[in-house]
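First comes the structure, then the notes that go with it.
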Amino acid sequence: MSLVSSGLLFCVLNYFAMVRSEGELTLANSGYFLLRFAGAIVVAAAAVLLFCKIRDLKPRGPVLGLVILTLSSLVTLVTMTFPSQPRLKGIDKATIRRYSDETKAPAPNVPALPATKWDSATRSLLKDVQARNEQYVAAISGLDETAKPLYTPESFRDAATIQAMIDQLHTRLAVADEYADWQPVFARMKDYVAAVDASAEEKRKFLGEYEATLPSTLAACKAISIKEHAWLQATMDLYQFALAKEGAYTWHSDQLSFKSHADSLAFRQRFIKARALNTQFLQAYWQVRQAEEAMMAQMGVQEPASDPAQ
C-alpha cells in the first residue's frame with residue numbers, strides 16, 4: 001500500500017509540475033512529460049543506490065522502490081518551488097495541420113440536397129462565402145511571407161525584435177478586423193432570390209425562412225472572430241509585457257530567465273493563455289469550415305481547403 005501510494009503521489013506531483021509549466025498535458029508535450037517523469041526517478045535512484053553502496057546496505061526490492069519513489073516525489077516538489085518558465089516554441093505547421101486535416105473533402109457519395117428553384121440563389125451565396133474565405137486566407141498568407149514566427153525564444157531577443165513582433169500583430173489584427181463582419185455577404189441573398197423565377201409571395205416566404213436562420217449563422221461567424229481577436233490581443237499583451245520587462249530577464253537560445261519570480265509567473269501565465277487561445281481559434285475555424293464544405297458538396301460547390309494563418 002505504501003509503494004502504491006508513493007507511486008500515485010509521484011505521478012500526481014509530476015502532472016501538476018507539467019501543468020504549471022505547460023498549461024496542460026497534451027499528446028504534443030507528452031514526450032516532455034515522460035522525460036521529466038523519468039528524469040526524477042533516475043536522479044532519485046542514482047542517489048539512493050550510491051548511498052546504499054557507500055553504506056554497504058542491501059534493502060529489499062519493495063523497500064528500495066519505496067525509498068526511490070519517495071525521494072523522486074521530493075525532487076519533483078523541490079523543483080516546483082523554483083520559478084517556472086514555459087518552453088518557448090513557435091506555432092509549427094503540424095499544429096495547424098492537426099486541425100485542418102480533420103476537414104477532409106466530403107466523400108463523393110455525399111447525398112445531394114433535393115433540387116429546388118432556389119438552388120441558383122443558394123449556390124451564388126455559397127460561392128460568395130467561398131470567395132470571402134479565399135480572400136481571407138490570401139491576406140493572411142501574404143503577411144506570413146514576411147512575418148516572423150510567434151512565441152519563439154528568438155522573438156523575445158531584444159526590444160527591437162519585440163517591437164517588430166508587436167507591429168506584426170497590429171497588422172494581423174487589422175486583417176482580422178477587415179474580415180470580421182459577414183453581414184454584407186449574407187445580405188446578398190436578397191439580390192439572388194430576386195432573380196429567381198418565382199412569385200413575390202414565394203420569395204417572401206423563402207427569405208423569411210432564410211432570415212430566421214441568419215442570426216445563428218452570423219453568431220457562428222462572430223464566435224470565430226471573437227476567438228481570433230482574443231488570441232491576437234492575448235499575444236500582443238504577452239509581447240507588450242516582455243517589452244516592458246526588457247532588461248529584467250536574460251535571453252538564451254531556447255529560454256528566457258526572469259530575475260523576478262513574480263515577473264516569471266506573469267510571463268508564464270500570459271504565454272500559456274496566448275497559446276491556448278490560438279488552439280481554440282484554430283479548432284473553431286476548422287469546425288465551421290467543415291460545416292461549410294459539407295454544405296457546398298451537397299449543393300455542388302467545391303472549395304479547396306486552405307490553412308488559416310498563424
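Laboratory data are not the source of any read-out in this text; all were calculated from the coordinates shown. Fair warning: this is a prediction, and the values are worked out from it, not measured in the lab. Positions of Cβ are backbone-derived with ideal geometry, glycine not excepted, and every protein chain shown enters the neighbour counts.
Could you give the size of the charge dipole of the range 246-294 about its Cα centre, using +1 on the Cβ of each K and R and -1 on the Cβ of each D and E, expressed in debye and rounded to the nearest 20?
Once rounded to the nearest 20, the dipole reads 200 debye.
Mind sorting LEU34, LEU214 by how few other Cβ atoms lie within 10 Å of their own Cβ, fewest first?
Ordered from fewest to most neighbouring Cβ atoms within 10 Å, LEU34, LEU214 come out as LEU34, LEU214.
For q = 0.15, 0.16, 0.18 Å⁻¹, what log10 I(q)/I(0) does the range 93-298 give under the Debye formula with an equal point scatterer on each alpha carbon and no solvent?
Values, matching the q order: -1.00, -1.09, -1.28.
For the residues THR70, THR250, what sequence is obtained by ranking on other C-beta atoms within 10 Å, fewest first?
Taking fewest neighbouring Cβ atoms as first place, the list is THR250, THR70.
Take the alpha-carbon centre of the range 240-276, take the same for the range 133-189, and report the distance between them in whole Å.
So the separation of the two Cα centres works out to 23 Å.
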